[in-house]
Amino acid sequence: MAAIRNIVILTGAGISAESGIDTFRGAGGLWENHRVEDVATPEAFERDPDLVLRFYDMRRAAIQTREPNAAHTALARLDREWRGNLLIVTQNVDDLHERGGARRVLHMHGEHLNAWCTACDARSRWTGPLIDRPPCPVCGAPALRPDIVWFGEMPYRMEEIYDALRAADLFVSIGTSGAVYPAAGFVRNARDLGAATLELNLERSQGSGWFDASRLGPATELVPAWVDELLG
Ligand code: OAD
């Protein structure tokens, strides 16, 4: 442990599951019989914008009724107390890491509580629905879409993520199925450059074999225990 200074943590839907937010590929992972891939693409938005906006309106409303759990607050404690570099890269578009108290958080797939104006490119804090095509608070155009990275679009802040992975001594993946790239490949980036790698997940992820160690169980148990260990 003494040699560890730089930590990168990747989180996915599994860390928010015990807060009551559906994962994407679990039993509750279908929405009105649509696969997530069928609503989370630019093509789907072009074909049937109402369907896509309703899907995200529903999820935006839902996350605001949910609370961070013990896994979020344990990571927030690590963020507060860890003296070295630390970056929580989340694929999640909820705000539970922040509401749990974490600060060093990077949302690579965007955020539910932002709207992105396709007319003027501004991003605005947004808590309500988008289905009625409200005007952009910046330019007034009725051109807001969810600020979510859809399949086929480039995740945010990749340079920053790869820089952190290059410098990492420890890479930890929490609550993600390892099905979606580029995030699913981060373990190999970190490992190839010498980082220790650990997976905390309910079940083995698709890339489980790439980790030095896997601990299986619910995030609310595994994450606080791991943080206690790390902080000694
Ligand atoms: P998935 O739904 O694919 O995977 C969730 C993972 O969490 C699974 O491996 C579960 O076994 C695990 N899990 C479930 N409950 C858990 C618990 N209580 N504790 C620990 N682990 C638990 O979600 P992601 O991997 O996050 O992209 O999905 C990746 C991306 O696919 C998402 O960011 C989203 C989606 O399409 C976009 O929206 C762009």
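The values are calculated or read from the model by the stated rules, or taken from the named source; none is laboratory data. Given the structure is predicted, the values throughout are model-derived calculations rather than measurements. Heads up, the Cβs are rebuilt from the backbone with ideal geometry, glycines too, and the neighbour counts pull from every protein chain shown. Calculation scope for accessible area: heavy atoms of the full protein, side chains included, ligands and nucleic acids excluded. Shrake-Rupley method; radii C 1.70, N 1.55, O 1.52, S 1.80 Å.
Selection of region 22-57 for residues being at pLDDT below 90, part of a loop (DSSP other than H, G, I, E, B) and either of a type in the set (Val, Ile, Thr) or away from the ligand (no atom under 15 Å from the Cβ) (or both) yields Thr23, Glu32, Asn33. Please enumerate the residues belonging to region 185-213 that are outside any helix (DSSP H, G or I) and within 15 Å of the ligand (Cβ to nearest atom). The answer is Leu198, Glu199, Leu200, Asn201, Leu202, Glu203, Arg204, Ser205, Gln206, Gly207, Phe211. The condition (being open to solvent by 70 Å² or more (accessible area, probe 1.4 Å) and in contact (Cβ under 8 Å) with a residue 60 or more places away in the chain) is satisfied by just one residue among Asn92, Asn85: Asn85. Among the residues of region 102-147, those that are under 27 Å from Leu78 (Cα atoms), outside any loop (DSSP other than H, G, I, E, B) and aliphatic (A, V, I, L, M) comprise Val105, Leu106, Leu113. The set of residues from region 149-184 being more than 9 Å from the ligand (Cβ to nearest atom), touching a residue at least 12 places away in the same chain (Cβ under 8 Å), of a type in the set (A, V, I, L, M, F, W, C) and assigned to a loop (DSSP other than H, G, I, E, B) comprises just one member, Ala168. Apart from one condition, Leu75 fits all of (1) part of a helix (DSSP H, G or I); (2) open to solvent by 10 Å² or more (accessible area, probe 1.4 Å); (3) not hydroxyl-bearing (Ser, Thr, Tyr); the exception is (2). Applying the set (1) more than 13 Å from the ligand (Cβ to nearest atom); (2) loosely packed, with under 13 Cβ neighbours inside 10 Å; (3) at pLDDT 95 or above to Ala143 leaves exactly one unmet item: (2).
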